[in-house]
Amino acid sequence: MTETVLVVDDDRQITSFLDRFLTKQGYVVHTAGSAMRMGLAMERREFDLVLLDVGLPDIDGFEVTRELRRNSRLPIILLTAREEVFDKIIGLELGADDFISKPFEPRELLARIRSVLRRSKGLVPSHDALPEVRRFNFCGYVLDLPSRSLSAPDGGDVPLTGMEFDLLKILAENVATVVTRDRIMHSVYGHASNVTDRAIDAHVARLRKKLEIEGRRNVIIRTVHGLGYSLAAQTTCN
């Protein structure tokens, strides 16, 4: 099935170029010049990924990301004209899947789009995966691999982005073992994106908030300073 991309940017040269370029790559492309028009487009149809400019004329792209993540797992790649690392960390903490600065190299953007879409559909290969395992159980949570879902102790659904699911999966597969940031980058991102340690830290921080247990903070994912992370909770698999 052809994947559909929504490009949201008020620069018509960029939206026109990306429309032509991504269409040639086999995607169905829709464009919007503002957050309002983006909302209207999303009411009319579903999208597989959104390329979202941070500097929209009506609503800040960060705020749009925040609102999307309240009830949607739609993959988001943020576009910005600024190179500040702080902006990238904010975007990732708010739930964006990736971040690229303008001007960008079209082939790099295409690689990032493909990488994010693979993650969102659970198609990123992992040499360390345990194919016979279907779900992991820890602290009352159930991480179901076939459905790529996480159930909370009360039975409710915990909404995860594709990146957050893959991050939790690799930690569960290596319970009580320190998973280095380099290994996370390779297993989750592959070779398509230039990802920093701080980007990984931002995703972990966001995932921790979703796994907080009342009265205790950050007891499930443990930081091993200078090395990486480990799933500290006792885990069973079936």
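The set of residues in the range 133-190 being closer than 17 Å to Lys209 by Cβ, among the β-branched types (Val, Ile, Thr) and in contact with a helix residue (DSSP H, G or I) (Cβ under 6 Å, 6 or more places away or on another chain) consists of Val158 alone.
If you go through the range 153-172 and pick out every residue that is over 17 Å from Arg69 (Cβ atoms) and not acidic (Asp, Glu), you end up with 6.
Quick grid of which residues meet (1) surrounded by fewer than 20 Cβ atoms within 10 Å (Cβ to Cβ); (2) in contact (Cβ under 8 Å) with a residue 60 or more places away in the chain; (3) among the acidic types (Asp, Glu):
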{"position": "Arg73", "(1), (2), (3)": "yes, yes, no"}
{"position": "Leu79", "(1), (2), (3)": "no, yes, no"}
{"position": "Ile89", "(1), (2), (3)": "yes, yes, no"}
{"position": "Ala96", "(1), (2), (3)": "no, no, no"}
{"position": "Ser101", "(1), (2), (3)": "yes, no, no"}
{"position": "Pro106", "(1), (2), (3)": "yes, yes, no"}
{"position": "Ala111", "(1), (2), (3)": "yes, yes, no"}
{"position": "Val116", "(1), (2), (3)": "no, yes, no"}
{"position": "Ser120", "(1), (2), (3)": "no, yes, no"}
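Given the structure, is Leu92 closer than 24 Å to Val158 by Cα, out of contact with any Ser or Thr (no Cβ under 6 Å at 6 or more places or on another chain) and part of a helix (DSSP H, G or I)? Spelling it out, Leu92 is indeed closer than 24 Å to Val158 by Cα, out of contact with any Ser or Thr (no Cβ under 6 Å at 6 or more places or on another chain) and part of a helix (DSSP H, G or I).
Residues that are at pLDDT 85 or above and aromatic (Phe, Trp, Tyr) do occur in the range 98-111, at least one of them. Exactly one residue among Ala205, Ala199 is of a type in the set (Gly, Ala, Ser) and modelled with pLDDT of 85 or more, and that residue is Ala205. Is it the case that the range 124-146 has a residue that's under 15 Å from the mean Cα position of the chain (by Cα) and either at pLDDT below 80 or under 13 Å from Asp97 (Cα atoms) (or both)? Taking every residue of the range 124-146 in turn, at least one turns out to be under 15 Å from the mean Cα position of the chain (by Cα) and either at pLDDT below 80 or under 13 Å from Asp97 (Cα atoms) (or both). Could you tell me whether any residue of the range 165-181 is at pLDDT below 80 and either touching a Cys at 6+ places or on another chain (Cβ under 9 Å) or outside any loop (DSSP other than H, G, I, E, B) (or both)? Yes, the range 165-181 contains at least one residue that is at pLDDT below 80 and either touching a Cys at 6+ places or on another chain (Cβ under 9 Å) or outside any loop (DSSP other than H, G, I, E, B) (or both). Selection of first residues in the range 24-45 that are within 18 Å of Asp11 (Cα to Cα) and of second residues that are part of a loop (DSSP other than H, G, I, E, B), restricted to Cβ pairs under 6 Å at least 6 apart or on distinct chains, gives the following pairs, ordered by first then second residue: Gly33/Asp10; Ser34/Leu56; Ser34/Pro57; Ser34/Asp58; Ala35/Leu56; Ala35/Asp58; Ala35/Ile59; Met36/Asp58. Please work out which residue is nearest to Arg66 (Cα to Cα), limiting yourself to the range 1-52 and to residues that are of a type in the set (Gly, Ala, Ser) and touching an Asp or Glu at 6+ places or on another chain (Cβ under 7 Å). My answer is Ala35. Being surrounded by 19 or more Cβ atoms within 10 Å (Cβ to Cβ) and touching a Phe, Trp or Tyr at 6+ places or on another chain (Cβ under 9 Å) is a description that does not apply to Asp9.
The values are calculated or read from the model by the stated rules, or taken from the named source; none is laboratory data. Here the structure is a predicted model, which means the values were calculated and not measured. Cβ atoms come from the backbone with ideal geometry, glycine included; neighbour counts cover every protein chain shown.
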